[in-house]
Amino acid sequence: MIKKSIATVPLSGILREKLAAVDAAGFTGVEIFENDLLSFDGTAQDIRMRAVNFSTSTPPP
């Protein structure tokens, strides 16, 4: 199965908004731009929990 992924570079908004948009668009992977990581106000675990279940209706544990 081919997985669809996208980088956060061409997306607008803060990282939380970008991850929500990536998920809503049906992508299964994301490459996060360094500046998005540096400006993110959460932890690496927060990012992982948002990204781990892309394209599923089940929220992360």
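Given the choices (i) 22, 11, 9; (ii) 18, 14, 10; (iii) 30, 12, 4, semi-axes √(5λ) of the Cα gyration tensor in Å derived from the coordinates of this structure is entry (ii).
Working note: 222 nm ellipticity from helices only, DSSP H runs with n ≥ 4, each -39,500 (n - 2.57), summed and divided by the residues of the chain, gives -10500 deg cm²/dmol to the nearest 500.
Using a Gaussian network model of the chain in which every pair of alpha carbons under 10 angstrom is joined by a spring, one finds that among Leu38, Leu11, Leu19 the greatest mean-square fluctuation is at Leu38.
Here the chain is treated with +1 on each Lys and Arg Cβ and -1 on each Asp and Glu Cβ, and its dipole about the Cα centre works out to around 240 debye.
Distant-in-sequence amide contacts of Val30, defined by a placed amide H-H separation under 5 Å and a gap of 5 or more residues or a different chain, comprise Ile6.
Only the coordinates and a few stated rules stand behind these numbers; no lab work does. Note that the structure is a prediction, hence the values are computed from the model and not measured. Reconstructed Cβ throughout: ideal geometry from the backbone, glycine too, with neighbour counts over all protein chains shown.
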